[in-house]
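> Below is a structure I'd like to ask you about.
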Amino acid sequence: MKKCLVIGLLVIAVASSSALAVQKGTSITVNPIGMLVGLFNAEVNLSVAPTISVPIGGSYFGYKSSGIGEEWEYKLMGLSGGLRYYWQGNAVNGWYLGGKLNYFSISVEVETTHTTGTKLTGSATASAISYGALIGYQSIWNSGFTLDFGLGVQLVSIPSIDAEVSGGGYTEQEKHDSISLTVPMLQFAIGYAF
């Protein structure tokens with residue numbers, strides 16, 4: 001039963017994306033500034049009505065560093081979805097008002113050697129949810145080149161941060177309180193529309 005449901009959903013998704021591609025209502029974009037620092041962020045923006053589009057995206061950041069006697073590893077993975085209204089009547093091309101919801105999973109791990117020679121490991125994990133609104137402009141050239149930029153505001157909520165340090169027969173766990181803050185939302189991406 002599960003296989004039939006998955007296959008059915010895939011067929012609907014492929015048929016929908018084929019119909020949208022014929023209407024030239026799909027754009028695929030990446031954030032070039034994020035890529036300069038190792039953050040890969042991509043988004044598919046699907047036209048679902050003459051003035052409405054649905055952007056769906058994902059993010060990944062991974063970084064390892066090492067120093068004298070220690071190694072650090074940072075990871076961030078995220079998913080996003082939204083809804084955009086193009087008031088000039090051409091979804092995925094022109095001025096828009098949009099809402100966006102993001103989910104991020106963040107982890108940091110460290111391994112170090114204490115001055116006594118004991119190996120210590122530490123880790124911290126958190127998940128974050130943000131939602132906000134923005135105004136932006138997406139421009140599509142005749143060649144299909146796409147430029148998307150926007151500015152808005154978002155509320156970021158981190159329900160809890162879990163941390164653990166262990167080594168030499170010692171383990172300590174901590175759970176930190178939630179954090180909520182309001183920050184700017186910036187949208188800048190380049191890509192291709194079809």
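> Note the listed values (i) 1.06; (ii) 1.43; (iii) 1.10, then indicate which one is Rg/Rh (Cα atoms, Kirkwood Rh) calculated from this particular structure.
Recomputing Rg/Rh (Cα atoms, Kirkwood Rh) here picks out (iii).
> To continue, here is another question. Enumerate the amide H contacts of M185 below 5 Å, restricted to partners 5 or more residues apart or on another chain; note that Pro and chain-start residues carry no placed amide H.
G152, V153, Q154
> Here's another thing I want to ask about it. Tell me, what HN-Hα J-couplings in whole Hz come from the Karplus equation 6.51 cos²θ - 1.76 cosθ + 1.60 at θ = phi - 60° for each residue of region 39-47, using x for Gly and Pro?
Couplings: 8, 9, 9, 10, 9, 10, 10, 9, 6 Hz.
> Leaving out ligands, DNA and RNA but keeping every protein chain, what accessible area does I135 have, in Å² rounded to the nearest 10, with a 1.4 Å probe?
That residue has around 80 Å² of solvent-accessible surface.
> Compute, for region 58-194, the length of the dipole vector about the Cα centre, with Cβ point charges of +1 (Lys, Arg) and -1 (Asp, Glu) only. Units Debye, rounded to 20.
Details: 6 positive and 11 negative charges, 134 e Å.
Charge dipole of region 58-194: 640 debye, to the nearest 20.
> Short version: ³J(HN,Hα) in whole Hz for each residue of region 178-194, in order, from phi by Karplus 6.51 cos²θ - 1.76 cosθ + 1.60 (θ = phi - 60°), x for Gly and Pro, what are they?
Values, residue by residue: 6, 10, 9, 8, 9, 9, x, 10, 10, 10, 8, 8, 10, x, 9, 10, 9 Hz.
> Averaging sequence separations of C-alpha pairs under 8 Å and six or more residues apart, then dividing by the length of the chain, give the relative contact order as a whole percent. Don't jump to the answer; show the numbers that get you there.
Numbers: 487 pairs, mean separation 33.8, N = 194.
Result for the chain is 17 percent.
> Once both axes come from the Cα atoms, what is the angle between helix 2-22 and the longest principal axis of the chain, in degrees from 0 to 90, rounded to 10?
Taking the Cα atoms of the chain, the angle to 2-22 is about 50 degrees.
> Defining a contact as two alpha carbons under 8 Å apart and six or more residues distant in sequence, what relative contact order in percent does region 129-194 show?
39
> Tell me, what ³J(HN,Hα) does each residue in region 162-175 have, in order and in whole Hz, if you take phi through Karplus 6.51 cos²θ - 1.76 cosθ + 1.60 with θ = phi - 60° and put x for Gly and Pro?
Values per residue, Gly and Pro as x: 9, 10, 8, 10, 8, x, x, x, 10, 9, 9, 10, 9, 10 Hz.
> Mind telling me which of V183, V44, V92 comes out most flexible in a GNM of the chain, alpha-carbon contacts under 10 Å?
Evaluated over the chain, the most mobile residue of the options is V183.
The values are calculated or read from the model by the stated rules, or taken from the named source; none is laboratory data. What you see is a predicted model, and the numbers here were worked out from it, not measured in a lab. FYI the Cβ positions are ideal-geometry reconstructions off the backbone, even for glycines, and counts take in every protein chain you see. With ligands, DNA and RNA removed, areas are computed over all heavy atoms of the protein, side chains included. Shrake-Rupley method; radii C 1.70, N 1.55, O 1.52, S 1.80 Å.
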